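Peer 1: To start, I am sharing the structure in question, which I have written as structure tokens.
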Amino acid sequence: MEKVKVSYILKLAVLGVLLMLISAAAITKVIFMFSTISMPDFSGIKTEKAQKMAQRMKIDLKIDDEIYSPIYEVGCVVSQDIPARTEIKKGRTVYIVVSKGSKTVIIPDIAAQSRSAALVLVRNAGLLEGDDTVVFSSIYKDTTVISQSPPAGQESPAGIKVNMLRSSGPRKTDYLMPDLTGRNTFDAFQSLRKNKLLVEKLTVEPSEEIASGTILNQEPPAGYMINEKTPISINASIKESDTTLKKRMIKIAYANPENLPKLVRINVLSLNGSETVYNEVAQPNEPININAAIRGEALVQIWSGTEIAKEMEFKN
């Protein structure tokens, strides 16, 4: 009988402990539910109103920084360090960034500037590149800005886009690619340059039966429609026994005339083949002095960006 009583008492004790644990868990859950809140979204709200909301919700709201914003008015919350709808405990410190309003800038005058120079002016003014519309023009050279929107001198919020209308130069004239095979390479260079056509690649092939510099084949083939933007490649013969074609060194001197840094590329074409001897960004008026090895006559092409800036001939 005593054993039954003891067993009964033990069962009651265990049941009591379980009930206490369940009650404690339930109470903890209830306390947690009442001590946490869903983080509100303060973005776009005036700081004073956000502070009042935070006080009611028992959030410690502090200003971390103030920035210019083209989107939010002066005194409005731009961002917060805890995302909206995040579960947080009451009393949590939340940091916000407040708008100082849109910074006012003066739209720079980019007309008659090259595209690269115009973009530097736009970005330095705290503005963004907008639409870039290109049209043919016989007045403005390639990449030159013809007009802009908004107009120069106008006050504007920082961060807006500046649109430009720029020239792609005169409308390109199309030509039929001539048959260059059998002609002398450098005679062909001169003939092509009359129509602003450029040979960008020259390869050589040994041949003792054909005179050095004779064009063996070409790309594009004869009869294709081409213009001044079409890259032309030539393969020419070279007599290794020709004593007049010994390698020699030439000196190339150039300086970037632009007011801005420019990518300068120097190509040398001779019966040594074609070679890029310089391909770097040159600072304004930076002197470039470089030596190159050639065989026979040579044509030096100096490119400034995507435009040919200068050509130099070196005769035997």
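The values are calculated or read from the model by the stated rules, or taken from the named source; none is laboratory data. If you're wondering where the values come from, they're calculated on a predicted model, not measured in any experiment. Because the Cβ atoms are built from the backbone with ideal geometry, glycine has one as well, and the counts that use them run over all protein chains shown.
Peer 1: Could you tell me which of the residues 87, 66 is surrounded by 13 or more Cβ atoms within 10 Å (Cβ to Cβ) and acidic (Asp, Glu)?
Peer 2: After applying the criteria, what remains is 66.
Peer 1: What are the residues in the stretch 141-162 that are touching a residue at least 60 places away in the same chain (Cβ under 8 Å), more than 24 Å from residue 306 (Cβ to Cβ) and within 21 Å of the chain's Cα centre (by Cα), if any?
Peer 2: Result: 158, 159, 160.
Peer 1: It is to be established whether one or more residues within the stretch 37-51 are touching a Gly at 6+ places or on another chain (Cβ under 6 Å) and either at pLDDT below 95 or under 30 Å from residue 158 (Cα atoms) (or both).
Peer 2: yes
Peer 1: Continuing with this model, one more query. Here is a check on your reading of the model: is residue 193 surrounded by 14 or more Cβ atoms within 10 Å (Cβ to Cβ), in contact with a strand residue (DSSP E or B) (Cβ under 6 Å, 6 or more places away or on another chain) and more than 23 Å from residue 106 (Cα to Cα)?
Peer 2: Details: surrounded by 14 or more Cβ atoms within 10 Å (Cβ to Cβ): yes; in contact with a strand residue (DSSP E or B) (Cβ under 6 Å, 6 or more places away or on another chain): no; more than 23 Å from residue 106 (Cα to Cα): yes.
It is false that residue 193 is surrounded by 14 or more Cβ atoms within 10 Å (Cβ to Cβ), in contact with a strand residue (DSSP E or B) (Cβ under 6 Å, 6 or more places away or on another chain) and more than 23 Å from residue 106 (Cα to Cα).
Peer 1: Take residue 153 and tell me if it is touching a strand residue (DSSP E or B) at 6+ places or on another chain (Cβ under 6 Å) and within 24 Å of residue 73 (Cα to Cα).
Peer 2: Answer is no for this residue.
Peer 1: Sticking with this one: Give the residues of the stretch 143-168 that are more than 26 Å from residue 68 (Cα to Cα) and surrounded by fewer than 18 Cβ atoms within 10 Å (Cβ to Cβ), sorted by residue number.
Peer 2: 146, 147, 165, 168
Peer 1: Within the set of pairs 6 or more residues apart or between chains, which connect a residue that is within 12 Å of residue 196 (Cα to Cα) inside the stretch 302-316 to a residue that is surrounded by 15 or more Cβ atoms within 10 Å (Cβ to Cβ) with Cβ atoms less than 7 Å apart?
Peer 2: Here the result reads 307/142; 308/198; 308/301; 311/299; 311/300; 311/301, each pair linking the stretch 302-316 to a residue that is surrounded by 15 or more Cβ atoms within 10 Å (Cβ to Cβ).
Peer 1: Which of the residues belonging to the stretch 270-294 are surrounded by 15 or more Cβ atoms within 10 Å (Cβ to Cβ) and over 32 Å from the mean Cα position of the chain (by Cα)?
Peer 2: Scanning the stretch 270-294 gives 270, 271, 272, 273, 292, 294.
Peer 1: Given the criterion of a type in the set (Asp, Glu), over 24 Å from residue 119 (Cα atoms) and surrounded by 12 or more Cβ atoms within 10 Å (Cβ to Cβ), identify the matching residue among 258, 200. Can you show your working first?
Peer 2: Details: 258 fails: over 24 Å from residue 119 (Cα atoms).
It is 200.
Peer 1: So, residue 109, is that one in contact with a helix residue (DSSP H, G or I) (Cβ under 9 Å, 6 or more places away or on another chain) and in a strand (DSSP E or B) or not?
Peer 2: no
Peer 1: Please go through the stretch 45-93 and give me each residue that is closer than 16 Å to residue 103 by Cα and touching a Lys or Arg at 6+ places or on another chain (Cβ under 7 Å), ordered by number.
Peer 2: Passing the criteria: 66, 67, 68, 74, 75, 76.
Peer 1: Checking the structure you have, find out if any residue of the stretch 156-167 is in a loop (DSSP other than H, G, I, E, B), under 30 Å from residue 103 (Cα atoms) and aliphatic (A, V, I, L, M).
Peer 2: yes
Peer 1: Also: Can you confirm whether residue 268 is out of contact with any Leu (no Cβ under 7 Å at 6 or more places or on another chain) and under 14 Å from residue 204 (Cβ atoms)?
Peer 2: Working: out of contact with any Leu (no Cβ under 7 Å at 6 or more places or on another chain): yes; under 14 Å from residue 204 (Cβ atoms): yes.
Yes: the conditions hold for residue 268.
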